[in-house]
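The values are calculated or read from the model by the stated rules, or taken from the named source; none is laboratory data. Values in this document were obtained by computation on a predicted structure and should not be read as measured data. In this analysis, Cβ positions are derived from the backbone assuming ideal geometry, glycine residues included, and neighbour counts consider all displayed protein chains. In case anyone asks, the SASA skips ligands and DNA or RNA and just uses the protein heavy atoms, side chains included. Shrake-Rupley method; radii C 1.70, N 1.55, O 1.52, S 1.80 Å.
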Amino acid sequence: MKRSSKAFAFILIFLLTAAIALPACSSKSENPASSDGAGASSPEASQTSGSDELASNDPVTLRLTLWGSPGEVQTYQKAIDRFHQKYPNITVKLEHIPTDYDTKLTTMVAGNQEPDVAMMESGSIAFPLAEEGKFLNLQQFVDSDSELSADRLIPNISYYSEPGNLIGIAPGPETFSLYYNVDMFKDAGVTPPSAKAAEAWTWDQFVEAAKKLTIDENGKNASDPDFNPKKIKQFGVNGANGWWGPWSNFIFSNGGDFLSADGKTFGLNQPEAVEALQKVADLVNVHHVAPSPVQSKNVPGTNVALQTKKVAMVIDGQWANFDLSNTNVNYDVAPLPVMKTPITTVVCGMFSVFKSTKHPQEAWGLVKALLDPEGTLELNQKGLWMPALKSWYEDPSLIEKWTANSKGRTPGYQDAVIDMMLGYSHQTPTGYVKNFNKIMDIVNPALDKVWLGQQTAQQAMDAIAEKAQAQVKGRRDVK
């Protein structure tokens, strides 16, 4: 669920004024733990004990906020309708916030008007709110629920503010892969990459293929001595640089990380990370197989780029299948090129329950309904998502439900996407790097110089290492 991050500090400044203007009273202004009304006396008191039955048949209304396209919202509404059929006493009010989600939700929080359940973005708003103690710890429910235990969830979709404090679970993983136009490979006489992780291209093999697939206005490819890098009409690859999502894969593949293992040291100026960043930059400035930041402005998105043959390969996320499946382009998918080990970074939004809810048990029931692949089957079938539950990757009848007769599930999909996710996935750095946005506010401008060829990766990362180190606050997965 790729979304642009926002500077949380700026939002808080805005909200200091907004909070004063909003009404002081709210139906959610009381904390359940101190309420002596009809609601649950505390989250712990109303949790399930492994039973699917919710505690009460009394009428309950839950508010749910989320972002997404109209199609996504329609699918969510179907999941909510299924939930209501199962529990007729529970009404869910879906509040779709298509733009400025973080700002609007934070305004709700400041005015004590937060929803019961909310879709959250780990890279911007979720962890700052978690550090303020705004969310229920979902671990208590996972530990006692007979239907949704931790071992039934796929890897890297559970978000912890610290070990043991589960603040959100994603409805499914979104990983990165190499998308390519099959016909362009045939035209260039290039053998497509294997879909299997064990046979994935090395970085050097990837670069050589990209050279043969990069064509100038005179029909010369980037392997030809007469190739003109200033007059490129077809690029071999796009999407490796830019935001951290794509290039993080290569940092991890090369054995690097954003922070040291103990969380005390800035990691992007270390040899493994620097080497990976430099190789990504060399695609543009040395091999001339990828567009520069300036040239990228004239390169369309993945589905159009592959369909119009502007680009032969694109490094992109799982969500690209959704748009590609709605085109007639002959495409397939492969694992990302490997530096040392196969890796794909998992990025996804999560569902969290606010601590202010008066109905924690029912809110947990709603989260379960939103995580149920059966409820969001349409989005899984169209290739936008993958299921959150392991059984949907292991049971042939369940696999058939979301992969059969889907244009978003190409011949290489099982090996290149599903098997990669199950066996070679890496959590998003936003899930474990504390103060991630502040660190990246320093890193990103420095990397712009690398992508433009103005500095080497080592020079750029060394230049900002001291400032970045000052923003290092540790890792969430280390006590």
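Structure values in brief
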quantity	calculated
Cα-Cα over 28 Å, subset of Lys264/Lys297; Lys407/Lys438; Lys340/Lys434	Lys264/Lys297; Lys407/Lys438
Global size of the range 75-136 as Cα Rg and Dmax, reported in angstrom	13.5, 36
Square roots of 5 times each gyration tensor eigenvalue, C-alpha, the range 238-311, largest first, Å	28, 12, 9
Three-way shape call for the range 332-479 based on the alpha-carbon gyration tensor, with the a/c threshold at 1.5	oblate
Kirkwood-type radius of the range 104-165, with distances r between different C-alpha atoms, in Å	13.1
Rg/Rg_ref, the range 172-226, where Rg_ref = 2.2 N^0.38 Å and atoms are Cα	1.32
Volume in Å³ per residue [convex hull over Cα atoms, computed for the range 267-396]	200
Calculated FRET value between Glu147 and Asn444, using beta carbons and R₀ = 41 Å, to 0.05	0.50
For Leu166, residues with placed amide H under 5 Å, excluding near neighbours	Leu138, Gln139
Relative pair counts by distance (%), Cα atoms of the range 59-99, 10 Å bins	30, 52, 17, 1
The range 191-350, accessible surface, carbon-and-sulfur percent (1.4 angstrom probe)	46
Peptides 168-180, 126-138 ordered by average Cβ neighbours within 10 Å, highest first	168-180, 126-138
Set of the range 442-457 residues, backbone N closer than 20 Å to the point 7 Å along the Cα-Cβ line of Ser260	443
Gained length - Ala188 relative to Asn330, 0.36 nm times residue gap less alpha-carbon distance	49.6 nm
Highest average packing first - 64-74, 205-215, 435-445, Cβ atoms within 10 Å	205-215, 435-445, 64-74
Pair Leu94, Asp204: separation of 7 Å Cα→Cβ label points (nm)	5.2
Globularity index of the range 83-193, i.e. its alpha-carbon radius of gyration over 2.2 N^0.38 Å	1.51
Pairs of Lys in the range 344-397 closer than 28 Å at Cα, counting only those 8 or more apart or on different chains	5
Förster radius 25 Å - calculated FRET efficiency between Val286 and Lys309, Cβ distance, rounded to 0.05	0.55
DSSP beta bridge pairing in the chain, given as percent antiparallel to the nearest 5	60
Å² of accessible area per residue within the chain, as computed with a 1.4 Å probe and no ligands counted	41
Fraction of accessible area attributable to carbon and sulfur, the range 74-132 (%, probe 1.4 Å)	47
Hits among lysines - C-alpha to C-alpha of Lys212 under 20 Å, sequence gap 8 or more where chains match	Lys186, Lys220, Lys230, Lys231, Lys233, Lys279, Lys309, Lys310
